[in-house]
Amino acid sequence: MSITAETTAPAADHRAADRGTNNVRVKDFSPLPSPAELRAELPAAPGLQAQIERHRDEVRAVLDGVDPRLLVIVGPCSIHDVDAGLEYAARLARVAERHRGELLIVMRTYFEKPRTTVGWKGLINDPQLDGSHRIEEGLRAARSFLLRVAELGLPTATEFLEPITPQYVADLVSWGAIGARTTESQIHRQLVSGLSMPVGFKNGTAGDLQIAIDACGAAAAEQSFVGIDDDGRASLVSTRGNRDVHLILRGGSDGPNYSAAHVASAAGTLSAAGLNPRLIVDASHANSGKSHERQAVVVEDLAARISGGEEGIAGIMAESFLVPGAQKFTPGAHDPATLVPGQSITDACMGWDVTEVSLGRLADAVVHRSRAAGEA
Ligand SMILES: O=C[C@H](O)[C@H](O)COP(=O)(O)O
Ligand SMILES: C=C(OP(=O)(O)O)C(=O)O
């Protein structure tokens, strides 16, 4: 044995003895404020809370077919630039008001991105976009953003990814999603069983519907699991179950699934499982091959079908931002200061002009459908 090896061995043993067998691969723990502390710092006024409750009721009514409008979940793939996101929200609020008789427009305010491998994981995880992972700042930024959008009168939608972050922001959200990569996860199904708003489950990335149908069943049931309470204490969480769960068709590696035949077949499977047959169709992701130009074509197809009286589509989802397309961005490799303002750094989005036209087409389709139903 060499002298170097003999002298380094005791130090390594000493470190191992200090932490025993625990957290061997954890570099650090940094405590975060509790959910109650963050809410006290950035509270929702009673008027905003009442508005959010009303928005959730409206979403529920559309999903149940009681409200004849179309639910439209639209907005950036991810919020990475708060100023551009708020500019988008201001424009969307005006269009939402214009079409409020036909469309229930809910803005995508997505702060957590599930990655296929690695990449920027969203504003909560890395608000500086530089790999510094200032999560406390990210939670504050997400909550402030949601409050600003709510003040414009717009309902908000988000994907819930980390099982702990909902405690910090979910009181400001009117519609939630579980993504294609986590629909099969028991942890996410349990989480949904306790969430206060309607939540959609995406079909899996391979196109599998059954995992989303199973997810709806699991999330509608009462669940008991480990989570945190308002003070951030590890707790046994017991939930009532979420009855406002539904399916989102987003296509899969086996191809798109937005056709009338796909919608009818999924509705049949949902009904047979005792679930809400009315569903949401995502015009993006594998239904558009992640092409923002193709997304507009899918929305056009859906509008034509709704206009023609097709039943079963309660809502649609589209990814849209101020500037069309997407720009490549990897923290550390690209400089955030050089990003094009208002353009996505995750999936490609429809630009604002096309979005406004698409929303008009959807509103016309709903008018046409109602007239046709009235005449029948
Ligand atoms: O909606 C966003 C993306 O499709 C999802 O986060 C996966 O992204 P990635 O495949 O680029 O990691
Ligand atoms: C990540 C998303 O979608 P999916 O889970 O369908 O890939 C999303 O809607 O942002």
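Remark on the range 93-193: Rg and Dmax equal 14.5, 44 Å (Cα only).
Report, to the nearest whole %, how much of the accessible area of the chain belongs to carbon and sulfur atoms, 1.4 Å probe, protein only. That share works out to 52 percent. Helix 135-151 and the long axis of the chain differ in direction by around 20°, with both axes built from C-alpha atoms. Ordered by 1.4 Å accessible area with all protein chains kept, K328, K113, K290 run largest first as K328, K290, K113. Rg and Dmax of the chain, based on Cα coordinates, read 22.1, 94 Å.
Treating cross-link reach as a plain straight distance, find the lysines whose alpha-carbon is under 27 Å from the alpha-carbon of K328, omitting any fewer than eight places away in the same chain. Straight-distance partners of K328: K113, K121, K202, K290. A 1.4 Å probe, protein heavy atoms only, puts the accessible area of E184 near 120 Å².
Helices in the chain, meaning DSSP H runs of at least 4 residues, each add -39500 (n - 2.57). Divided by all residues, the mean residue ellipticity at 222 nm is -13000 deg cm²/dmol.
Put simply, the amide H of A326, placed in the peptide plane, has neighbours under 5 Å in C349, leaving out anything fewer than 5 places away on its chain. Over the chain, accessible surface divided per residue gives 45 Å², non-protein components excluded, 1.4 Å probe. With everything on Cα atoms, drop me the angle between helix 352-375 and the longest principal axis of the chain, reported from 0 to 90° to the nearest 10. For helix 352-375, the angle is close to 40 degrees.
Comparing I280, H188, F201 along the charge dipole axis of the range 143-284, the residue lying farthest to the positive side is I280, per the Cβ-charge model.
Over all pairs of different C-alpha atoms, the range 187-237 has a mean inverse distance whose reciprocal, the Kirkwood radius, equals 12.0 Å.
The values are calculated or read from the model by the stated rules, or taken from the named source; none is laboratory data. Quantities reported herein were computed from a predicted structural model and do not represent experimental measurements. Here the Cβ is made from the backbone with ideal geometry for all residues, glycine too, and neighbour counts use every protein chain on show. The protein model used for the area step is the full one, side chains on, heavy atoms only, and it has no ligands, DNA or RNA in it. Shrake-Rupley method; radii C 1.70, N 1.55, O 1.52, S 1.80 Å.
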